[in-house]
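Peer 1: One structure, pasted below without further comment.
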């Protein structure tokens, strides 16, 4: 795997690790029995792209033995996110159709119950249910997952480029 370009290697790794994260959540019942926990646990998966993009940018900087340019950093971060999104999209197609085809309906039902407890009107609940059924189908989930994975990765990259540059400057200064 070391013969692959940095963005390929880390993009594939990110996609696989995020898929494993989802499978662990499923195995723990966060998509079936303990949906409330699952509604929060997914946020912690951001650790994966945060770590992977940081390591990839740092590795690229060391490989080139000079400060990482914004252009190179954004290019690498985008590609990592893109490859990760492709793998995750394929995974979610399989997850939504074979592993746990009822999870979207279970999540919507859980949200409906929360709305009832919160005092929402029948009209508000009806609009919510209609909108969610329209948006949260397998194709919609895959498209939104692809877009959000790629976009989040670029956002993370924009935050991490100056951090990686700062680490390199400190390293140079301390030599």
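Only the coordinates and a few stated rules stand behind these numbers; no lab work does. Please read these numbers as outputs of a predicted model, since none were measured by experiment. Glycine gets a Cβ as well: all are built from the backbone with ideal geometry, and neighbour counts include every protein chain shown.
Peer 1: Rg and Dmax of segment 40-134 over Cα atoms: what are they, in angstrom?
Peer 2: 20.2, 62
Peer 1: Moving on. Please work out the Kirkwood hydrodynamic radius for segment 78-175, using every pair of different C-alpha atoms, and report it in angstroms with one decimal place.
Peer 2: It works out to 16.4 Å.
Peer 1: In what order do 83, 10 fall by count of nearby beta-carbon atoms within 10 Å, going from fewest to most?
Peer 2: Least to most surrounded, the residues fall as 83, 10.
Peer 1: Once both axes come from the Cα atoms, what is the angle between helix 6-27 and the longest principal axis of the chain, in degrees from 0 to 90, rounded to 10?
Peer 2: 30
Peer 1: For the chain, find the longest principal axis of its Cα atoms and tell me its angle to the long axis of helix 138-173, 0 to 90°, nearest 10.
Peer 2: 30
Peer 1: Let me ask something else about it. Rank the residues 110, 103, 21 as a footprinting-exposure proxy: fewest other Cβ atoms within 10 Å of their Cβ go first.
Peer 2: Ranked by crowding around the Cβ, least crowded first: 110, 21, 103.
Peer 1: Then there is this: Over 13 Å apart: what share of the alpha carbon pairs of segment 124-164 falls there, rounded to a whole percent?
Peer 2: 64
Peer 1: What length, rounded to one decimal in nm, is gained on full extension from residue 24 through to residue 94, with 0.36 nm per residue of separation minus their alpha-carbon distance?
Peer 2: 23.7 nm
Peer 1: Mind pulling the per residue volume of the convex hull built on the Cα atoms of the chain? Å³ is fine.
Peer 2: 138
Peer 1: Right, something else. Cα centroids of segment 60-76 and segment 91-130: how far apart, whole angstrom?
Peer 2: About 43 Å separates the Cα centre of segment 60-76 from the one of segment 91-130.
Peer 1: If you don't mind, there's one more thing I want to ask. Compute the distance in nm between two label points, each set 7 Å from the Cα along the Cα-to-Cβ direction, one at residue 70 and one at residue 114.
Peer 2: Between residue 70 and residue 114, the simple spin-label model gives 3.7 nm.
Peer 1: Given the options 29, 126, 153, state which has the largest fluctuation in a GNM of the chain using a 10 Å cut-off (strictly under) for Cα springs.
Peer 2: Checking each option, the largest mean-square fluctuation is seen for 126.
Peer 1: Let me ask another. What FRET efficiency comes out for residue 3 versus residue 51 if R0 is 25 angstrom and r is the Cβ-Cβ distance? Round to the nearest 0.05.
Peer 2: For R0 = 25 Å, the calculated efficiency reads 0.65.
Peer 1: Let me ask something else about it. Taking the Cβ of each residue in 58, 31 as the centre, tally the other Cβ atoms inside 10 Å and list the residues starting with the fewest.
Peer 2: Placing the least packed residue first, the sequence is 58, 31.
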